[in-house]
Ligand code: NAD
Ligand code: UGA
């Protein structure tokens with residue numbers, strides 16, 4: 001099939017590459033000329049395991065090309081995916097500017113029947129807006145071509161994007177037309193197995209499914225963060241509680257890890273957008289408002305623990321952490337990505353700096369992105385995590401990169417001025433660390 005994917009970010013680039021991998025002819029379009037020039041040379045603008053090799057292989061085999069020429073790409077493609085950003089507007093609602101720009105561009109260049117697929121995360125009713133925008137352009141040109149607008153939300157996770165795309169739990173397709181439904185089924189059939197499902201539904205339900213999924217996952221995380229905070233006060237260990245409830249097949253183990261709050265480019269914006277959508281139709285989504293508020297507070301937990309630990313008799317002073325150096329392991333919003341969008345590390349580090357601390361941070365992939373946020377206000381390392389420990393007053397773990405999971409504790413203790421660890425991801429065994437002489441603060445573990 002001839003496919004055009006418009007927007008070569010995390011979703012567009014991964015989707016386009018995986019469709020090429022399954023044999024289709026794919027052209028990826030972006031307005032960012034630098035990005036496209038780089039991709040033509042095999043330079044991948046993001047860190048996503050396995051993506052580079054796949055892009056290079058499919059480009060070499062001629063199935064995957066990159067262009068800024070949307071008109072030419074649309075003319076030659078039957079299926080046109082819209083995979084541009086939908087950032088939050090000032091009131092929290094999803095800003096559809098980029099999606100509708102692309103819809104108009106498709107309408108002004110298409111010749112013949114087209115399937116237009118909303119891959120971006122968009123509120124219920126967006127397909128109707130896309131349809132109108134395309135039709136307005138056709139009317140303006142005085143031409144008449146048939147087209148279908150499909151909702152095909154994406155559920156991939158950064159850091160595991162290729163696997164999630166090639167082996168999805170499910171593929172959701174919101175479609176009104178039988179012929180188009182058949183084509184979409186054909187396109188996704190290489191990714192379907194005995195263990196997953198393709199779920200066809202109406203367009204509005206597909207749009208809603210995406211927000212409901214992200215909102216549910218965010219709710220689990222905020223719920224577990226509150227359970228953890230309560231465990232801490234009651235002398236219980238949230239890790240045991242997590243196992244205890246996860247073993248119930250109705251609950252399951254996934255997405256029950258308490259920590260420093262959820263971040264990333266999607267949960268925060270999608271929760272806000274759903275609250276806003278509800279408001280627009282006069283419904284108060286109280287539960288989700290609480291999910292968001294809990295998350296905002298959770299991001300403050302590690303700096304507050306650090307403050308409590310160090311301020312002692314300096315509590316009440318204006319910069320109680322002045323003279324203290326905190327080493328931070330992990331900057332990206334989660335491991336296996338260099339994405340810093342809404343990363344909890346931003347809140348943690350900004351608060352530490354505001355309280356007077358000096359901060360040194362290690363991250364294997366996100367230092368370049370982090371430098372855009374913190375500049376020279378903090379020190380960085382992307383090589384050895386031990387580089388930043390010498391003379392620091394404490395180590396705070398913010399992102400659970402694998403290389404932090406089983407470190408050389410003797411080396412950590414030797415380097416730190418005082419052996420204090422704030423473990424924002426509950427990576428370590430509190431008892432073992434205490435035996436080794438550490439002062440250990442976890443999340444919900446009474447440590
Ligand atoms: P992104 O910001 O990484 O990429 C968007 C790309 O679109 C950019 O390269 C930008 O230059 C390009 N673009 C903007 N306007 C354009 C235009 N008019 N023509 C061509 N290209 C244009 O975004 P992303 O993270 O890939 O997210 C895209 C959408 O997918 C969002 O709605 C997001 O919520 C959703 N989503 C993201 C993820 C994820 O893991 N990042 C997962 C599922 C769904
Ligand atoms: C999330 C969803 O998992 C994807 O299904 C969805 O497609 C995507 O959003 C999207 O719509 O963009 P992603 O943001 O890449 O994917 O990462 P997640 O693994 O979901 O993690 C999100 C945040 O939640 C991270 O900050 C992570 O640390 C946090 N988290 C996750 C927890 O605090 N606890 C958990 O148990 C799981």
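Modelled label positions at residue 144 and residue 247, each set 7 Å beyond Cα in the direction of Cβ, lie 6.7 nm from each other.
Remark: the Cα gyration tensor places the chain in the prolate category, a/c being 1.5 or greater and a/b exceeding b/c. In 10 Å bins starting at 0, how do the alpha-carbon pair distances of region 211-296 split up by percent? Cα pair-distance distribution for region 211-296, in percent: 17, 45, 29, 8, 0. The length gained on full extension between residue 185 and residue 104, counted as 0.36 nm times the residue separation minus their Cα-Cα distance, comes to 26.5 nm.
Put a dot 7 Å past the Cα of residue 75, heading toward its Cβ, do the same for residue 413, and the two dots end up 7.1 nm apart. The tail of the calculated P(r) for region 85-243, taken as Cα-Cα distances beyond 29 Å, holds 33 percent of the pairs.
Multiplying the residue separation of residue 403 and residue 278 by 0.36 nm and subtracting their alpha-carbon distance yields 40.8 nm. Where in region 320-357 does the label zone of residue 371 land, with the point 7 angstrom along Cα→C-beta and an amide N cut-off under 17 Å? Only 331-332, 338-340 fall inside the zone, counting backbone N under 17 Å.
Taking 18 Å as the cut-off, the amide N atoms of region 249-269 that come nearer than this to a point 7 Å along the Cα-to-beta-carbon line of residue 350 belong to 260-269. Comparing 384, 59, 332 in a Gaussian network model of the chain, where Cα atoms under 10 Å apart are tied by springs, the biggest mean-square fluctuation is seen for 384.
Between residue 167 and residue 308, what is the FRET efficiency for a Förster distance of 51 Å, r being their Cβ-Cβ separation, to the nearest 0.05?
Values: r = 44 Å, r/R0 = 0.87.
Here the calculated transfer efficiency is 0.70.
Among beta bridges identified by DSSP and lying wholly in region 2-201, the antiparallel ones come to about 5 percent. Our note on the geometry: Cα centres of region 286-332 and region 99-152, 46 Å apart.
Looking at the square roots a ≥ b ≥ c of the eigenvalues of the Cα gyration tensor of region 1-139, which shape do they give, rounded for a/c under 1.5, prolate if a/b is larger than b/c, or oblate? It is oblate, given that a/c is not under 1.5 and a/b is not larger than b/c. Rounded, prolate or oblate: which one fits region 317-421, using the alpha carbon gyration tensor with axes a ≥ b ≥ c (rounded when a/c is under 1.5, else prolate when a/b beats b/c, else oblate)? Oblate, since a/c reaches 1.5 and b/c is not below a/b. With springs only between Cα atoms under 10 Å apart, run a GNM on the chain and tell me which of 204, 405, 170 wobbles the most. Of 204, 405, 170, the Gaussian network model singles out 405 as fluctuating most. Springs join every pair of Cα atoms under 10 Å in this Gaussian network model of the chain, and among 395, 427, 274 the largest mean-square fluctuation is at 427.
The numbers here are math on the coordinates, done by the rules we state, and not lab data. The structure presented is a predicted model; accordingly, all values stated were derived computationally and were not measured. When we count neighbours, we look across all protein chains shown, and the Cβ atoms used for this are built from the backbone with ideal geometry, even at glycine.
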